[in-house]
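Presented below is the structure to which this report refers.
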Amino acid sequence: MKKLVLTGILLLGGWMTVFSQHSFTFEDETVPSQWVAEQSTLSLSTEHATEGTQSLCWEVPAGQKASILINFTSFRTSTTNASIFDIYSLQATECPLTVEFLNSNKEVQHTANVTINFKGWREFNRVYGYDFKSKVSKTLAYVRFTLDNTALSSTQKLFFDDVNFKGSTNSSRQAMDLMAKDVQYIQDGCKDLLQFYAFEPDIELTTPTQEELNGIASIKEKYSYTPTPAETPRVLRDVRNYVGTLNIVRNTDGSIKGNSIITSSTDLTTTKQRDLLIQLNALAASSTDGDSELFRDFLDLVIDQGVMYQYPQLPSNNYSVVREYPQLLLNLLPKSTEEQQTEILKMVRWISEAGWAYADTDYLSTEFSSDIMYNYLSHFLSYAAYQPDTKIAVRELKAMSRFMERIVAPVSGGYDTVKPDGVGFHHGTHYNNYMYAYNGWTDAVYNLKGTAFRISETAYNYMKKAVLACYIMSNRSNTGSNYYANSLSGRHPLDGGHVNQFSKAYLEKLIEIGTDIFGAEDTGLTAAYNYFLLSNKYNTPEADYTGFYQFNYSPIGVYRGNDWVVTMRAPTTRVWGAEIYSGTSRFSRYQSHGTMEVVYSGALTNSGLPLSPTGYDWNVAPGGTTVHYTSWREMMPKQNTTQRFDQFTAT
């Protein structure tokens, strides 16, 4: 429990007590005298608390706009202090809460706009010099909370705890969902997830048509979820024992309370986050008497404490994490109540960054990463389709379909993903080896096939051009894989990076997508399939792709014969030719130094390339301009084994 800060002043032989209290934990017997409510009531409560056993309950009548005024000894703000408090709501009412920071004349110096878009506890944590519209120092003496409850026909309760209007700045703070309205004022680096969550829907809610309802059912069938059971009975027993230590109880209003799940910053790791999700799954999957109730209590406590909103952004380059964690949440849907399902889907939207669906085209053209395309689209569609309110489900599916159209529209510059000439970009350059991202897009779009949410003909043609660009750069083959020149292998030369990632199976899926859009097979694509895969699967004469192709966004020149493809490539000052990491591609600095490579049809060995990097002389890339090093250490970037390096040209 935090202590009151008192300053004693000797005056006329006695003591005058001056309150300089800026922090409150509400553990006394009465409401602090500095907190004064208008058109509403304040009381102490033991039902909900984050610090100690009590919190402050603010009760605002239906149809009222009410306020609280808090006074304290004035202080001058700086970048070293912040306004920090925990706030609790019994339900997400979407009511606006305005927090004003006033000087001694009660003139507004800072304003924070909070939305009660949450259920349970959230942290408000904003640094005065960084997270408000005005960044300059101010003198503060009051804080005023104003809740607009005029749209509700029932009383609204909010709870406050662990309040500190002169708290210390925490550089690792992350703004939570309640601050969506002020996202533009939050310091960069402190809104990693909020910046996507804050994109607001721009599609109207409408009554679903029967075709749309059928589409929702079809998509849910494609993405079905079941809780993951505990690995062993002992693991399940350990989960029950852990949940028992949380001392979960129900309040008289049906809300829940229990011991803190997050007890210290060491609990805020992706490992701990996964442990928690696995525990929830274990209870949800159990058929043992009592486990269903225990699961729902445990899930309610997770929701109540806002646990998922306390964790940092998932690392997008850790594919197993970003794919598994949202799925573990979605697995819980079949065993959850409708109210819990709504909260689960909010958590999925938060951790999987599904708010991307409402980003505008300007933002997408410079900020989008094809990691999203590869890892998250199935979660996006599930988040949308499983909304309990079908009006919301339709709106979100429309948004997701539009998003998948937008992210394949050609963009200029070094940004992801598709370029005007069909080249696929990642990490700021042409990166064929990474274009397995197209597979994630194709899987998702394939599952929209036959529904009102299918993608447009324009988007299909963008992807078709991108896929054909990949095939034009690769050889013809009926071995199950098509191969690129080594210069297009990214950071995996001679180690899988030369394989066309958009496989035969995905090309067949794309053809089916086209058939669904046009009502007939796209003969241009089926003819290309027969040509590149040396196949007669489709009743279409094979296309002829012999000739020269120039891809300026690479930069690359491709000359195709009937059974061979010549690839000429060089880096530029803007487009790297080799991506060198500490553990991969250490010797590939000459991978595309003006190289000219011939890849023949069929297996890679037909072209004289080894099946692995072992024994390959990295000094002599075919046709490349190289400096011959006799020391392998000298050949490596910065002459060490750890430096990451992108090989550009100097001029």
> Does F72 meet the test of being open to solvent by less than 10 Å² (accessible area, probe 1.4 Å), at pLDDT 95 or above, assigned to a strand (DSSP E or B) and touching a Phe, Trp or Tyr at 6+ places or on another chain (Cβ under 7 Å)?
Replying inline: no
> What number of residues within the stretch 315-343 satisfy the criterion of being under 25 Å from T50 (Cα atoms), in contact (Cβ under 8 Å) with a residue 24 or more places away in the chain and either out of contact with any Pro (no Cβ under 8 Å at 6 or more places or on another chain) or assigned to a loop (DSSP other than H, G, I, E, B) (or both)?
Replying inline: 3
>> Of all residues being under 39 Å from the mean Cα position of the chain (by Cα) and not in a loop (DSSP other than H, G, I, E, B) in the stretch 554-564, which is nearest to S592 (Cα to Cα)? Just the residue, please.
In response: I556
>> Go through the stretch 512-542 and report how many residues are within 30 Å of the chain's Cα centre (by Cα) and open to solvent by less than 30 Å² (accessible area, probe 1.4 Å).
In response: 2
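Each row is one residue, and each column tells you yes or no for (1) in contact (Cβ under 8 Å) with a residue 60 or more places away in the chain; (2) over 30 Å from R589 (Cβ atoms); (3) open to solvent by 10 Å² or more (accessible area, probe 1.4 Å).
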{"position": "W441", "(1), (2), (3)": "yes, yes, no"}
{"position": "S489", "(1), (2), (3)": "yes, no, no"}
{"position": "D495", "(1), (2), (3)": "yes, no, yes"}
{"position": "D544", "(1), (2), (3)": "no, yes, yes"}
>> Out of the residues in the stretch 226-257 meeting the condition of being polar (S, T, N, Q) and within 20 Å of N331 (Cβ to Cβ), tell me which one is most open to solvent (accessible area, probe 1.4 Å).
In response: T226
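Could you tell me whether the stretch 70-91 includes any residue that is in contact with a Cys (Cβ under 8 Å, 6 or more places away or on another chain) and among the aliphatic types (A, V, I, L, M)?
So the first thing to find is which residues in the stretch 70-91 are in contact with a Cys (Cβ under 8 Å, 6 or more places away or on another chain), and the list is none.
Scanning the stretch 70-91, I find no residue that is in contact with a Cys (Cβ under 8 Å, 6 or more places away or on another chain) and among the aliphatic types (A, V, I, L, M), so the answer is no.
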>> Within the stretch 48-69, take every residue that is touching a Phe, Trp or Tyr at 6+ places or on another chain (Cβ under 9 Å) and among the polar types (S, T, N, Q) and give me the one that is least open to solvent (accessible area, probe 1.4 Å).
In response: S55
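Restricting attention to the stretch 412-421, which residues are at negative phi and open to solvent by 20 Å² or more (accessible area, probe 1.4 Å)?
Within the stretch 412-421, the first condition is being at negative phi, and the residues that meet it are 412, 414-421.
Hits for the stretch 412-421 are S412, G414, Y415, P420, D421.
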> Checking S153 against (1) open to solvent by 50 Å² or more (accessible area, probe 1.4 Å); (2) within 18 Å of Y185 (Cβ to Cβ); (3) of a type outside the set (A, V, I, L, M), which single condition isn't satisfied?
Replying inline: (2)
>> Can you find a residue that is at pLDDT 80 or above and over 35 Å from the mean Cα position of the chain (by Cα) anywhere in the stretch 568-590?
In response: yes
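Taking the residues in the stretch 248-272 that are part of a helix (DSSP H, G or I) and not hydroxyl-bearing (S, T, Y) as candidates, determine which candidate is farthest from the chain's Cα centre (by Cα). Explain how you work it out, then say what you get.
The first filter runs over the stretch 248-272 and keeps only residues part of a helix (DSSP H, G or I), leaving 265-267, 270-272.
Narrowing further to those that are not hydroxyl-bearing (S, T, Y): 267, 272.
Values: D267: 20, K272: 18 Å.
This residue is D267.
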> Only one residue in T263, T232 is on the phi < 0 side of the Ramachandran plot and either at pLDDT 95 or above or in contact with a strand residue (DSSP E or B) (Cβ under 9 Å, 6 or more places away or on another chain) (or both). Which one?
Replying inline: T232
>> Condition first: small (G, A, S), open to solvent by 50 Å² or more (accessible area, probe 1.4 Å), in a loop (DSSP other than H, G, I, E, B) and at negative phi. Can you find one or more residues in the stretch 612-635 that meet it?
In response: no
>> So E211 ticks every box in (1) closer than 22 Å to A359 by Cβ; (2) open to solvent by 90 Å² or more (accessible area, probe 1.4 Å); (3) of a type in the set (D, E, K, R); (4) in a helix (DSSP H, G or I) but one. Which box is left unticked?
In response: (1)
> Is it the case that some residue within the stretch 454-463 is of a type in the set (S, T, N, Q) and over 26 Å from the mean Cα position of the chain (by Cα)?
Replying inline: yes
> When T567 is evaluated against the numbered criteria (1) open to solvent by less than 20 Å² (accessible area, probe 1.4 Å); (2) more than 18 Å from F648 (Cα to Cα); (3) not in a strand (DSSP E or B); (4) not hydrophobic (A, V, I, L, M, F, W, C), which criterion, by number, is the only one it fails?
Replying inline: (3)
> So, in the stretch 12-47, of the ones that are open to solvent by 90 Å² or more (accessible area, probe 1.4 Å) and at pLDDT below 95, which residue ends up nearest to F159 (Cα to Cα)?
Replying inline: F19
>> Among (1) under 24 Å from T269 (Cα atoms); (2) assigned to a loop (DSSP other than H, G, I, E, B), there is one condition W350 misses while meeting the rest; what is its number?
In response: (2)
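Please work out if S607 is at pLDDT below 95 and open to solvent by less than 10 Å² (accessible area, probe 1.4 Å).
Judged against the criteria, S607 is not a match.
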>> For the stretch 119-135, check the following and say yes or no: at least one residue is free of Cβ contacts under 8 Å to residues at least 40 places away in the same chain, out of contact with any Ser or Thr (no Cβ under 7 Å at 6 or more places or on another chain) and either surrounded by fewer than 21 Cβ atoms within 10 Å (Cβ to Cβ) or in a strand (DSSP E or B) (or both).
In response: yes
> Only one of S503, S481, S477, S456 is buried (at least 21 other Cβ atoms within 10 Å of the Cβ) and of a type in the set (S, T, N, Q); which?
Replying inline: S477
> Can you name every residue in the stretch 390-446 that is assigned to a loop (DSSP other than H, G, I, E, B), at pLDDT below 95 and more than 19 Å from the chain's Cα centre (by Cα)?
Replying inline: S412, G413, G414, G428, Y431
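Pick out the one residue from S260, S287 that is surrounded by fewer than 21 Cβ atoms within 10 Å (Cβ to Cβ), free of Cβ contacts under 8 Å to residues at least 12 places away in the same chain and either of a type in the set (S, T, Y) or touching a Lys or Arg at 6+ places or on another chain (Cβ under 9 Å) (or both).
Numbers: S260 fails: free of Cβ contacts under 8 Å to residues at least 12 places away in the same chain.
Being surrounded by fewer than 21 Cβ atoms within 10 Å (Cβ to Cβ), free of Cβ contacts under 8 Å to residues at least 12 places away in the same chain and either of a type in the set (S, T, Y) or touching a Lys or Arg at 6+ places or on another chain (Cβ under 9 Å) (or both) holds for just one of S260, S287, which is S287.
Out of the stretch 465-523, which residues are part of a loop (DSSP other than H, G, I, E, B) and touching an Asp or Glu at 6+ places or on another chain (Cβ under 6 Å)?
Restricting attention to the stretch 465-523, the residues satisfying the condition of being part of a loop (DSSP other than H, G, I, E, B) are 473-482, 484-485, 489-498, 500-503, 519-522.
Within the stretch 465-523, A485, G490, R491 qualify.
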> Which residues, taken from the stretch 49-69, are at pLDDT below 95 and over 30 Å from R250 (Cα atoms)?
Replying inline: none
>> List the residue pairs whose Cβ atoms are under 7 Å apart, where the first residue sits in the stretch 20-45 and is part of a loop (DSSP other than H, G, I, E, B), the second is among the hydroxyl-bearing types (S, T, Y) and crowded, with 18+ Cβ neighbours inside 10 Å, and the two are 6 or more positions apart or on different chains.
In response: F26/S55
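The values are calculated or read from the model by the stated rules, or taken from the named source; none is laboratory data. What you are looking at is a predicted structure, and each value in this text was computed from that prediction instead of being measured. Glycine also receives a Cβ, built like all others from the backbone with ideal geometry; neighbour counts cover every protein chain displayed. Surface areas here come from the heavy atoms of the whole protein model, side chains and all, with no ligands, DNA or RNA. Shrake-Rupley method; radii C 1.70, N 1.55, O 1.52, S 1.80 Å.
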